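Report on the following structure.
No value in this document is a laboratory result; all are computed from the given coordinates. Everything quoted here is computed from the prediction, not taken from an experiment. Cβ: placed from backbone, ideal geometry, glycine included. Neighbour counts: every protein chain shown.
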Amino acid sequence: MTDVIDGLARMARLRQGNAAKRRIVTQLIGMRGAALRVAQLLMDSSVSIHDLSIAEIAERCETSPASLLRISRNIGYRNFSELRTALQEGEDSVIDPWVKERAGLFFTSLLDTFDTIDPDAIVKAAEMICAAKNVMMFGALLSAPVAQMLELRLRTMKMFTSFTSDSEVAVNSLFSKDQLLFCVSHMGASPPVIRVLSHAGKHGIPVVLLTNLSNAPGTRYADVVLTTNVTSIPNVGEDVFCRVSGLLVVDLLLQKVAEMLPARTT
């Protein structure tokens, strides 16, 4: 997780870069181990890779020349020499300040979530999803797409799921302790959200709540609380960034569910 955070921070700080650097940046999040070390060295302005041999670069990155070749091909170059030449061709125009500002908010929201993610809560929520006979996803307004994405992904895993953004439909559909309510609400405070959460609680239906802060009003009704904890950017007018962090938590949760499903069916 630390490598990913460092990679995101580096991307957020970049002010300009040529096409080769940007190609590396777009794949940095997915890199691990030697690939991540190579990417960080190539983007380090204090290191002149043009004065180093391929063997020296491989040694600095604790890898081999063969790995440099593979990494170069993975980001679209025929070999490492071609990648190094592309880096040497010079900088493109400076990124528009408005684009940089918006990108900075995007990565800041993700960093907030990465820094405070609770792995134990994700595991517990995944266990509850796998144990439930039916999982209902509820999310209203801008939280609805996050809940709907989770429902669609769980459905591809052959799970019994449903989604609604209507609190009346949710209340009328929650009636069995074999069900699980997965509620997505950034503020966790609106009357429709509280109504659905409290209804589930009264009927003994397990509840997982994905919200921004751990002290949201709706958390008192939840068995497990997952938080995005986006606190470094303004709440007003920046809802999209907060929801992107919600999708990050959903992705981590889905990975755990996928790991547990084979055990559930054996």
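Taking other C-beta atoms within 10 Å as the exposure proxy, Arg78, Arg73, Arg153 rank Arg78, Arg73, Arg153 from fewest upward.
Note on Val169 and Arg32: with the Förster distance fixed at 45 Å, the Cβ-Cβ geometry gives a FRET efficiency of about 0.60. Only alpha carbons enter this Debye calculation for segment 111-265, each as an equal point scatterer, and the log10 of I(q)/I(0) it gives at q = 0.17, 0.18 Å⁻¹ is -0.91, -1.03. With a cut-off of 12 Å between beta carbons, the residues surrounding Ala125 carry a summed charge of -2, where Lys and Arg count +1 and Asp and Glu -1.
In this calculation the C-beta distance from Leu41 to Met187 is compared with R0 = 41 Å, giving a FRET efficiency of 0.45.
Among residues other than Val224 whose Cβ falls under 11 Å from its Cβ, what is the net charge (Lys/Arg +1, Asp/Glu -1)? Result for the neighbourhood of Val224: -3.
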